[in-house]
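Visitor: Here you go, one structure.
Nothing in this text is a laboratory measurement; each read-out follows from the coordinates by a stated rule. Please read all numbers here as calculations on a predicted model, not as lab measurements. Cβ sites come from the backbone with ideal geometry, for glycine too, and all protein chains shown count toward neighbours.
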Amino acid sequence: MNWFSTYHVHHRVTEHFRKGRAFLRGDAAHIHSPAGGQGMNTGIGDAINLAWKLAAVVAGRAPEKLLDSYEAERIGFARRLVATTDRVFSFATAEGRIADILRTRIAPVLIPMVMQVEMAREYLFRTVSQITLNYRGSPLSQGAAGHVYGGDRLPWVSVEGQDNFPTLAAITWQIHVYGTASAELAAWCAGHDVPLHVFAWRSEHEAAGLTRDAIYLLRPDTYVALVDASGAPGALDRYFADHGIRLGPRDAGVTE
């Protein structure tokens, strides 16, 4: 052996993600083993969650208290992630005869068997990709319709090879309607420079848990802020008024 080093793994989460004008994200806020490859996705999630809020406050379109929701929405997930990767790493590095048998004899047989089950593969994919992460308990999340709640990730739906996610490339507030948007809603969106995207109702939307003609208000980080089954724009006025958010000039439009 010509060279070796000792590898130390830390599992820590900072007590707070914000203190005054200082914010922590990524490895500065939470550090853990590389088990599951979760570090990059988590750091990116922190960044986009904080970025749109900082932009709104700096531009004078939202009160400073909006920044408090950054820690409220991200620290709980960070704690769960660190606890999970800690358990996985402990299993992978545990010493002793029982641990050796579990790791070298049982796991290599059991894991491939479990992965043959489609439900298990889907659960693992959704967990590792973090698409199950939601902000349902956040003060910025309101309403529910069907299987979608405020704070959820917008369900991905593909219809005849076309899906509903290309609009999410725009980092802005936007509204999705699956079915028919009322004239009042279209007028509200045009008057507030909020893009309105209308998708013709299909059975695939219902299967994904969406509700016909409901309003899905999406935050700039693409999470669902508000769900309103009535489809009336009054819910939008109340939402932005309650949170003190003023919409900035954006390119408005309705796409079918």
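Visitor: Can you give the local net charge around Trp52? Use residues other than it whose beta-carbon is closer than 11 angstrom to its beta-carbon, Lys and Arg +1, Asp and Glu -1.
Guide: Spelling it out: positives minus negatives among the neighbours equals +2.
Visitor: Just need the relative contact order of the chain here, percent rounded to a whole number, with Cα pairs under 8 Å and 6+ apart.
Guide: After rounding, I find 17 percent.
Visitor: What residue among Glu64, Glu160, Glu122 shows peak mean-square fluctuation when the chain is described by a Gaussian network model with Cα springs under 10 Å?
Guide: Of Glu64, Glu160, Glu122, the Gaussian network model singles out Glu160 as fluctuating most.
Visitor: Please give the helix 183-192 orientation as an angle from the longest Cα principal axis of the chain, in degrees from 0 to 90, rounded to the nearest 10.
Guide: The helix 183-192 is inclined about 70 degrees to the chain.
Visitor: Something else about it: Where does helix 68-93 land angle-wise versus the long Cα axis of the chain, in degrees 0 to 90, nearest 10?
Guide: Roughly 30 degrees between the two axes.
Visitor: Same structure again: Tell me which of Ala186, Val157, Leu210 sits at the most positive position along the dipole axis of region 157-256, charges placed on C-beta atoms (Lys, Arg +1; Asp, Glu -1).
Guide: Going by the charge dipole, the pick is Ala186.
Visitor: Next up: Just to be sure I understand: if I project the alpha-carbon convex hull of region 181-242 onto a plane and average over all orientations, what area do I get in nm²?
Guide: Reported value for the Cα convex hull: 4.4 nm².
Visitor: Let me ask something else about it. To the nearest 20 Debye, how big is the dipole of the chain about its Cα centre, given +1 on the beta carbon of each Lys and Arg and -1 on that of each Asp and Glu?
Guide: Magnitude of the dipole: close to 940 debye.
Visitor: Just to be sure I understand the curve: with the Debye formula and one point per C-alpha of region 101-223, what is log10 I(q)/I(0) at q = 0.09, 0.11, 0.22 Å⁻¹?
Guide: These q points yield log10 I(q)/I(0) values of -0.35, -0.49, -1.39.
Visitor: Measure off 7 Å from each Cα along the Cα-to-Cβ vector at Glu64 and Arg136, then give the distance between these two points in nanometres to one decimal.
Guide: The answer from the label model is 3.4 nm.
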